[in-house]
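What follows draws every value from the coordinates through simple rules; no lab data is involved. The shown structure was predicted, so the numbers you read here are calculated from the model rather than taken from an experiment. So basically every Cβ, Gly included, is an ideal-geometry build from the backbone, and we count neighbours across all protein chains shown.
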Amino acid sequence: MKYDYLIVGAGFAGAVMAERLASQSNKKVLIVEKRNHVGGNVYDVYDEHGILIHKYGPHIFHTNSKEVFDYLSKFTEWRFYEHKVLANYQGDHFPIPINRITINKFFDLDLKTEGEVKSFLSTKIENRFPILNSEDIIVNQVGRELFEAFFKNYTKKQWNLFPNELSPSVCGRIPVRFNDDYRYFTDKYQFMPKEGYTKMFEKMLSHKNIEVALSTDYKKIIDNTKFDKIIYTGPIDAFFDYQFGKLPYRSIRFEYEYYKKQNYQSAGQVNFVDMKEEFTRVTEYKYLTLQNTDATTISKEFSLQDGEPYYPIPTDMNRKLFLRYKQEAEKLKNIIFCGRLAEYQYYNMDQVIAYSLNKFRKLANA
Ligand code: FAD
Ligand code: UDP
């Protein structure tokens, strides 16, 4: 059997490419995944207590792209869900992103209008220019006290780097609000797949032109498999056998706990922004999945240097190393590098889907 495409990795990048190539271009695809399941990092599964959990941490779908939303809607129905996050600071809870409620509580104020919040913050902010790192971008918006309380230590725990060592794009993901809006995201489309992500992936990949090989490292089968092109969605440095050195990725250890009570905490996610706790955040999955049960499962995240690669680490030095690999990648004909690990970009799901759809269009038009 000869395949048109060998696709490495069954996360969003691999699955979108496989689905499009198979259904729109009638291409024969073999998708190989080293884990024993599809879905990549968005994989969800029922735990031994019957609670739907996300095996690799909380995944909340949000996008402003109608194209991405319409595309996924072919494979799932949705449940409306707007994510809410609280920061646990010195044992007290504050809304994150920082909003008027956060500011009033933190400074013991009673600011009533957006104008009052803005003029209060103008007494706190530092005007840093140019904005070179993740500290600059936050103190420019809220000043030093809020930065130190909510960003400095959480970032250190998550990345083992302080915000001034990371690109502005990292902490810049989190907006600052002058009103009481305490949703984590404000995107137009905020939904969770009704039956979970894994079910959605199974639908995407169930096509006569797609064969899925689980628990298979592509390096083990590549010499005995016939194909025309590769789409590679694993870590780019691994593809080149680390010839320029290892690209750092941040990993996480997840600890799951089960409680025989309705709820464990008062929001889907609580960020522990002090150094007191070693873990970064606690997710209570039933808020995200809207599962109706008498019991609940949570996960605590402990950030790690080594382990499964989850987060590319956006620093200037890492970007330079990545660009050396990218240059090598561009020399290769018939191999397409696609996704968060292969492009070494801190992408959300919708970005990976949008870029994969784009890559497919380019292939189809070539
Ligand atoms: P992946 O999902 O990593 O898929 C790559 C696949 O390739 C993996 O399954 C891997 O096992 C496989 N692979 C690697 N090497 C090989 C090999 N040699 N042979 C075979 N297979 C191989 N995004 C959001 O939009 N909202 C969120 O709330 C959100 N939360 C997140 C929380 C965490 C903890 C993490 C880590 C990420 C989160 N993301 C979130 C980002 C989201 O997970 C990614 O954007 C998306 O899953 C990336 O898809 P991908 O296909 O590029 O990579
Ligand atoms: N961040 C923080 N405090 C918070 C939330 C976020 O310092 O309460 C910083 C931290 O560096 C984090 C980054 O902002 O890694 C991006 O946060 P996001 O919630 O987008 O992280 P992800 O869900 O991708 O892990």
If amide H atoms are modeled at 1.01 Å from N in the peptide plane, then the residues at a separation of 5 or more from Arg250, or on another chain, having amide H under 5 Å from its own are Tyr310, Tyr311, Ile313
With a cut-off of at most 12 other beta carbons within 10 Å, and DSSP calling the residue loop, which trypsin sites (Lys or Arg not before Pro) in the range 227-276 qualify? Please list them. Lys246, Lys260, Lys261, Lys276
Expressed in nanometres to one decimal, the distance between label points 7 Å along Cα→Cβ at Glu328 and Gln24 is 3.1 nm
Let me see the pair-distance distribution of the chain: every alpha carbon pair, 20 Å bin width, integer percents in order. 27, 56, 17, 0
For Arg281, distant residues with modelled amide H under 5 Å away: Phe272, Glu301
MRE, 222 nm, helices only [DSSP H, n ≥ 4, -39500 (n - 2.57), over the chain, to nearest 500]: -8500 deg cm²/dmol
Taking placed amide H atoms and a strict 5 Å upper bound, the residues 5 or more places from Tyr232 or on another chain that come that close are Val8, Ile336, Phe337, Cys338
State the Cα centre-to-centre distance between the range 12-26 and the range 134-169 in whole Å. 39 Å
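Using 0.36 nm times the number of residues separating Arg183 and Ala366, minus their current alpha carbon distance, what extension gain do you get? Write out the running numbers ahead of the final one.
Numbers: separation 183, 0.36 × 183 = 65.88 nm, distance 4.18 nm.
Contour length minus the Cα-Cα distance gives 61.7 nm.
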For the range 154-165, take each phi angle, set θ = phi - 60°, evaluate the Karplus expression 6.51 cos²θ - 1.76 cosθ + 1.60, and give the result in whole Hz per residue in order, putting x for glycine and proline. 4, 5, 4, 5, 5, 10, 6, 9, 7, x, 6, 9
Using alpha carbon centroids, what distance separates the range 259-327 and the range 176-206, in Å? 16 Å
